[in-house]
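The values are calculated or read from the model by the stated rules, or taken from the named source; none is laboratory data. The shown structure was predicted, so the numbers you read here are calculated from the model rather than taken from an experiment. With ideal geometry, Cβ positions are generated from the backbone for all residues, glycine too; neighbour counts draw on all protein chains shown.
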Amino acid sequence: MLLAAVAVTGAALGTFALLAMRGGPSANVSAAAAVPSTRPASAAVSTPLVLHKWSTDNRGYWIGNQRHAAAFELQADDLVKTWFGPVRPTLVVRCTARRMQTFVYTGSPMKIEPNADGKTVRVSMDDEPMRTERWPDSDDHDALFAPDGTAFAQRLLRARTLRFGYSPHNADDVVAQFHVSGLAELIDPVARECGWGK
C-alpha cells in the first residue's frame with residue numbers, strides 16, 4: 001500500500017509540474033509569449049498593501065498585434081497564496097473584434113471540480129454580500145472569465161471595490177481585492193470601436 005501511495009503522489013506531482021511548464025498563457029487570455037515584468041513571480045505574501053490603478057502598459061500582452069482592440073488591467077491590492085507561491089491576481093477588461101471580455105488572471109490553476117461547468121467564484125462589489133457564480137477558465141487554467149464580460153465591465157464602472165474569491169489548486173480559498181475606480185476615463189475613448197453599447 002505504501003508503494004501505491006508513493007506512485008499516486010509521484011504521478012500527481014508530475015502532472016502539475018508539466019502544467020507549470022506548458023509555456024505562456026492561453027490564447028484565450030493573451031497572444032503574447034511572456035508574462036509582463038510588472039507581475040512579480042515571487043514575493044512575500046506579507047508585502048504591504050498597495051492600491052494599484054488601471055493601466056494600459058501591458059496592452060500588447062493581452063491583445064497581441066490586433067488592431068481596433070484595447071486592454072486595461074488592474075492588479076490586486078495584495079498577494080494571495082497558491083501552491084506555486086505568492087501571486088498578485090490581475091483584473092483585465094479587453095476588447096477584440098468588437099467583443100468585450102472581463103477576466104481575472106490568477107497566475108495559477110484552480111481546484112479541480114469534476115463534472116462541473118466552469119469554476120466556482122465568489123464576487124462582491126462595494127458593500128454587496130458575496131455572491132457565488134461559475135466562471136469559465138482559460139485553456140491554460142490561469143484565468144477566470146466573467147460569463148458576460150460586457151455586463152461585468154459595466155458594473156465595474158459604477159463600483160469602487162471588487163472582492164473576488166476563488167479556490168487555487170491544492171491551497172486554501174483566497175479573496176483578491178481590487179480598487180476599481182477610474183476605469184471609465186480609460187474606456188470611454190475606445191467604447192465605440194470596442195462595440196460598447198453605452
### Task
Considering (1) surrounded by fewer than 20 Cβ atoms within 10 Å (Cβ to Cβ); (2) touching a Ser or Thr at 6+ places or on another chain (Cβ under 8 Å); (3) in contact (Cβ under 8 Å) with a residue 60 or more places away in the chain; (4) under 26 Å from Arg59 (Cα atoms), say which one Ala171 fails and leave the rest.
(4)
### Query
Could you say which residue among Val190, Val123 is out of contact with any Asp or Glu (no Cβ under 9 Å at 6 or more places or on another chain), β-branched (Val, Ile, Thr) and surrounded by 14 or more Cβ atoms within 10 Å (Cβ to Cβ)?
Val190
## Note on the structure
Across (1) at pLDDT 90 or above; (2) in contact with a Cys (Cβ under 6 Å, 6 or more places away or on another chain), Cys194 clears everything bar (1)
### Task
Inspect the range 136-151 for any residue being more than 11 Å from the chain's Cα centre (by Cα) and crowded, with 19+ Cβ neighbours inside 10 Å and give the result as yes or no.
no
### Query
Of all strands (runs of 3 or more DSSP E) completely enclosed by the range 85-198, which ones contain at least 2 residues that are of a type outside the set (A, V, I, L, M, F, W, C) and either in contact with a strand residue (DSSP E or B) (Cβ under 8 Å, 6 or more places away or on another chain) or at negative phi (or both)?
90-96, 99-105, 119-125, 131-135, 161-166, 174-179
